[in-house]
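One structure below.
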Amino acid sequence: MYISNRKMKRIYGELKSCFKQLDMPIQNEDCDERRPNFWTEWDDGQFYNAMFVVYYGDLDLIKVFSYYNEIPDSSRCDVLEALNKINEKLQTACFTVDVDNRIVVCHGGLYVEGAALKKKRFRKIILEILKCVFLYTEVIDQLATLGKTQKDPPEAKPVGVEEEVDNIETGAT
């Protein structure tokens, strides 16, 4: 397996570089010529989150999928309603529930413009997903484990993500 054209190689290299700058390791890399992808993870000691990153070279699209807990069938409707309310607060990412395995997934995407990855825009997508990790992991855990009917999702606790976002965006080019 290999990545065939120069544009795809360059953009895929820049994509991996963005994650390395965030100290997120590249794992299980698959350099398919049409859909190069890899797994990475976020682990800050308090939160752990696995992420799958795919570059759809033929579509000039990068997608990042961040995986959370499995939702019991008994609370699926309530969780979907709560996730919809959370999604209203998000700008470039959204939560869904995988139909096949009932796992909550946060995903975001970015079209590659021209011949290069717009790193600043891409960092915004990644940081939006990381905000979801910081702000909503505990909420999703509660929704998955309690299975209670709730009219409104529990409020996320602010953890100073905006400050970290500014530091990462200004520190890396």
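In the stretch 102-155, the residue that is modelled with the lowest pLDDT out of those that are farther than 28 Å from R10 by Cα and among the hydroxyl-bearing types (S, T, Y) is T149. Of all residues in the stretch 28-47, those satisfying the criterion of being within 14 Å of G13 (Cα to Cα) and either of a type in the set (S, T, Y) or in a loop (DSSP other than H, G, I, E, B) (or both) are C31, D32, E33, R35, P36. If you scan the stretch 82-129, which residues turn out to be more than 30 Å from R6 (Cβ to Cβ), in contact (Cβ under 8 Å) with a residue 12 or more places away in the chain and part of a helix (DSSP H, G or I)? Within the stretch 82-129, A82, L83, K85, I86 meet the criteria. Can you find a residue in the stretch 44-60 that is closer than 15 Å to F122 by Cβ, hydroxyl-bearing (S, T, Y) and under 14 Å from the mean Cα position of the chain (by Cα)? Yes - at least one qualifying residue is present in the stretch 44-60. Take the conditions (1) in a loop (DSSP other than H, G, I, E, B); (2) at pLDDT 85 or above; (3) surrounded by 14 or more Cβ atoms within 10 Å (Cβ to Cβ); I3 misses just one of them, which is (2).
The values are calculated or read from the model by the stated rules, or taken from the named source; none is laboratory data. Please read all numbers here as calculations on a predicted model, not as lab measurements. All Cβ positions, even for glycine, are placed from backbone atoms using ideal geometry, and neighbour counts span all protein chains on display.
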